[in-house]
Amino acid sequence: MSILAAEAHNPLIPPPGEIIVGLIAFAIVYFVFAKFVAPRFEQVFRARREAIEGGMERAEAMQAEAKAALEQYRAQLAEARNEAAQIRDQARAEGQQILEELRTQAQEESARIVARGEEQLASSRQQVINELRGQIGTLAVDLAGRVVGESLADDVRRRGTVDRFLEELDTMAASGNGALGKGSR
């Protein structure tokens with residue numbers, strides 16, 4: 001009977017003492033878990049969530065800063081390009097101005113050299129004319145002295161004879177050969 005009595009008891013249902021001990025152990029484990037472990041998990045999860053959210057916020061802030069820096073860089077680059085273009089244009093304008101100034105200076109120097117050359121030429125021409133007049137005068141006095149047969153060593157006579165001869169020469173040049181006479185003097 002004892003086998004039959006044992007068979008009457010369901011093996012799937014534990015004895016009531018084990019159920020009570022199991023419930024007490026479960027309550028203690030649940031209490032310890034709920035009091036100490038679960039808050040710690042919650043704290044770790046919260047810290048992790050905050051770290052992740054803070055990291056995302058920092059990443060977004062850094063991304064916004066990077067975009068702002070990129071825009072600032074692009075603006076500075078555009079400004080630098082514009083400034084370089086202005087400097088290049090200004091240098092070209094200054095180069096043109098310098099070239100014009102150099103041309104003007106060269107033209108002025110050329111005009112000054114030509115004027116100085118003309119002055120020197122006129123001075124040389126006048127000097128040659130004076131020398132030729134003197135030589136012609138001397139030759140004329142010698143020739144006149146031979147033709148006239150008198151000595152023209154006296155300065156007064158010689159000047160008078162030379163002046164008459166040159167006047168006659170100028171008169172002949174002016175009346176007969178005006179342009180050639182004036183140009184040859």
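The values are calculated or read from the model by the stated rules, or taken from the named source; none is laboratory data. As the structure is a prediction and not an experimental result, all values here were calculated from the model. Methodologically, a virtual Cβ is constructed for each residue, glycine included, from the backbone with ideal geometry; neighbour enumeration extends over all protein chains shown. Keep in mind that these areas ignore ligands, DNA and RNA; they rest on the heavy atoms of the full protein, side chains included. Shrake-Rupley method; radii C 1.70, N 1.55, O 1.52, S 1.80 Å.
Data overview
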| item | result |
| --- | --- |
| Unique residue being modelled with pLDDT of 75 or more, assigned to a helix (DSSP H, G or I), among the hydroxyl-bearing types (Ser, Thr, Tyr) and surrounded by 10 or more Cβ atoms within 10 Å (Cβ to Cβ) when the list is Thr171, Thr161 | Thr171 |
| Single unsatisfied condition, Gln63 versus (1) under 30 Å from Arg164 (Cα atoms); (2) surrounded by 10 or more Cβ atoms within 10 Å (Cβ to Cβ) | (1) |
| Pairs with Cβ under 8 Å, 6+ apart, first in the range 37-64 and in contact (Cβ under 8 Å) with a residue 24 or more places away in the chain, second polar (S, T, N, Q) and surrounded by 10 or more Cβ atoms within 10 Å (Cβ to Cβ) | none |
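Each row is one residue, and each column tells you yes or no for (1) open to solvent by less than 100 Å² (accessible area, probe 1.4 Å); (2) among the aliphatic types (A, V, I, L, M); (3) assigned to a helix (DSSP H, G or I).
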| site | (1), (2), (3) |
| --- | --- |
| Lys35 | no, no, yes |
| Ala75 | yes, yes, yes |
| Arg81 | no, no, yes |
| Thr104 | yes, no, yes |
